[in-house]
1. From the list Gly145, Gly122, which residue is on the phi > 0 side of the Ramachandran plot and either of a type in the set (Gly, Ala, Ser) or touching a strand residue (DSSP E or B) at 6+ places or on another chain (Cβ under 7 Å) (or both)?
2. Identify, from the list Arg125, Arg141, the residue that is within 13 Å of the chain's Cα centre (by Cα) and farther than 21 Å from Pro26 by Cβ.
3. Identify, by number, the condition in (1) in contact with a strand residue (DSSP E or B) (Cβ under 7 Å, 6 or more places away or on another chain); (2) closer than 21 Å to Thr98 by Cα that Gly139 doesn't meet.
4. Criterion first (over 25 Å from Asp103 (Cβ atoms), in a helix (DSSP H, G or I) and out of contact with any helix residue (DSSP H, G or I) (no Cβ under 6 Å at 6 or more places or on another chain)) does Ala46 satisfy it?
5. Kindly establish whether Ala8 is under 19 Å from Asp59 (Cα atoms) and either modelled with pLDDT under 95 or surrounded by 18 or more Cβ atoms within 10 Å (Cβ to Cβ) (or both).
6. Could you list all residues from segment 118-136 that are of a type in the set (Gly, Ala, Ser) and surrounded by fewer than 16 Cβ atoms within 10 Å (Cβ to Cβ)?
7. What about Thr97, is it of a type outside the set (D, E, K, R) and out of contact with any strand residue (DSSP E or B) (no Cβ under 7 Å at 6 or more places or on another chain)?
8. For residues that are surrounded by fewer than 24 Cβ atoms within 10 Å (Cβ to Cβ), without any contact (Cβ under 8 Å) to a residue 60 or more places away in the chain and assigned to a strand (DSSP E or B), tally how many sit in segment 54-76.
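The values are calculated or read from the model by the stated rules, or taken from the named source; none is laboratory data. Quantities reported herein were computed from a predicted structural model and do not represent experimental measurements. Backbone-built Cβ (ideal geometry, glycine too); neighbour counts: all protein chains shown.
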Amino acid sequence: MGIEILPATGDRFDDAEVALDSGDGPECQCQWWLLPNGPWKAATVADRTEMFRAELDGDLPPGLIAYVDGEPAGWVRVGPRTAQARLARTQNITGSTTEPLDDDSVWAITCFVIRKAHRGGGLMRRLLDAAVDTARASGARVVEGYPRDPSAAKIRVNDLYLGTVSVFEDAGFTVVDRPKPDRALVSLRLRD
């Protein structure tokens, strides 16, 4: 099985759409962390799709697309935490992070989508590793994640879009806090 992970750029928009075609991905268009509640509720799927397209056409790709044997198979959102406005409004995060909320050198990994046919093969871990490499190459000082812990509570598959604690820990992240038994804030320092 050949796996390739590439930046989500404008020329790969159609592939990103295929990668998001699982769970809540088609409706969300990976815009949840970018919009406060009011604008989120007011935006249609078409609006979110155009916002997503504009992100991919921008200067900084908002994520990565995993390809398995040339087919889009998964997605991860990674970028500066300050660019994901909802994070600074989420109590589980603001009450748990040890990093200043306005620090552009703190990056966040906030969304995974693994298409059903590609689940269970370690693709989330491969996407996480690539996201960390992207953050490092872009000058990030710290990378945070906000994964769920299915060993602490029963969690629907669609609610694992944040990743799992075990995958983050296996990649070297440290649990900073557990605002709830099944939720964690994890961190990986890339430089001082």
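1. Details: Gly145 fails: on the phi > 0 side of the Ramachandran plot.
Only one candidate qualifies: Gly122.
2. Arg125
3. Only one criterion is unmet by Gly139, namely (1).
4. Yes, satisfied.
5. Here the answer is yes, as Ala8 does meet what is asked.
6. If the condition is that a residue be of a type in the set (Gly, Ala, Ser) and surrounded by fewer than 16 Cβ atoms within 10 Å (Cβ to Cβ), then Gly120, Gly121, Gly122 are the ones that fit.
7. For Thr97, the condition - of a type outside the set (D, E, K, R) and out of contact with any strand residue (DSSP E or B) (no Cβ under 7 Å at 6 or more places or on another chain) - is not met.
8. Matching residues across segment 54-76 total 2.
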